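Participant: Handing you a structure now.
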Amino acid sequence: MKVRGVKDTIDRKVSLLNSLQISSSYNLLADSFNLAPFSLSANTNVLDGKLNVNVNGTVDPYQYVLTSIDEKGNVQQRRTNKFVWQNQGIKLGQLSSLNFNFSTNFSPKGRDKDKSTRQKISNAQGVSDSDKAFLLNNPDMYVDFEIPWNLRVNYTVDYSKPGYSKPTITQTIRFSGDLSLTQKWKVDFNSGFDFQKKQFTQSQFGIRRDLHCWQMSVNWVPFGRFQNYNFSIGIKSGMLRDLKLDRNRNFLDQL
């Protein structure tokens with residue numbers, strides 16, 4: 001009985017981790033830099049599933065050589081074809097980028113749906129790590145007309161430090177949501193705030209209509225540099241999702 005209790009505890013802890021991936025590649029035909037940077041990603045739920053945490057990082061296995069630093073502190077450097085562990089022992093490389101994403105959905109039904117969507121994305125085959133990371137951070141891309149409302153808040157911290165360069169840290173908060181007007185009509189919005197630039201990010205408003213096997217959507221960016229609208233009708237079937245009719249008008253049409 002004691003052993004079973006320990007096993008149950010371990011299983012519960014492991015189940016908290018939705019996904020964990022470490023990947024790289026080696027190009028046999030390249031003249032140099034054959035080994036690609038190591039990509040790390042993990043996704044989990046905390047606070048009884050109320051908060052989703054997604055982490056992505058990149059480790060560069062190659063050494064950098066510092067050539068000069070000007071009066072303003074700007075770095076001139078060169079990436080070499082020599083591995084970090086050749087001089088620094090067991091060190092895998094330098095952490096060149098790191099992304100933390102914290103998100104929640106205030107709708108209980110929507111939160112359960114987002115969790116289910118993330119699990120499907122994590123288990124999907126034939127999808128690149130970068131695409132998975134994007135989809136895990138943007139579960140609102142999937143519209144479910146059976147969920148009456150959603151209100152999501154998404155906080156992101158990005159860290160970047162290639163070689164000897166000064167580290168840069170950016171923080172943004174994004175909020176999005178949707179509301180069912182009827183069983184077949186939804187309105188949604190998407191906006192955010194950049195703490196470094198101290199301004200709102202691109203904001204979008206949309207209307208969606210469930211046409212049974214089809215789905216219609218109208219999206220509008222009313223202000224900012226990239227003002228545009230988009231009208232789309234597409235088949236909802238996953239196998240036929242590329243069959244759609246689009247009408248776009250963007251900021252380039254106004255130049």
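No value in this document is a laboratory result; all are computed from the given coordinates. Everything numeric here is computed off the predicted structure, so don't read it as measured data. Don't worry about glycine lacking a Cβ; one is built from the backbone with ideal geometry, like all the others, and counts go over all protein chains shown.
Participant: Past 18 Å, Cα to Cα, is the threshold; run Lys50/Lys113; Lys166/Lys198; Lys109/Lys132 against it and keep the listed order.
Facilitator: Distance filter (> 18 Å) returns Lys166/Lys198; Lys109/Lys132.
Participant: Right, here's the next one. How would you order 101-107, 223-229, 186-192, 169-175 from highest to lowest mean count of nearby Cβ atoms within 10 Å?
Facilitator: 101-107, 186-192, 169-175, 223-229
Participant: Test of understanding: extend the Cα→C-beta vector of Tyr26 to 7 Å, then name every residue of region 35-72 with backbone N under 11 Å from that spot.
Facilitator: Output list for this probe position: 35-36.
Participant: Can you order the peptides 71-79, 25-33, 195-203, 91-99 by their average number of other Cβ atoms within 10 Å per residue, highest first?
Facilitator: 91-99, 195-203, 71-79, 25-33
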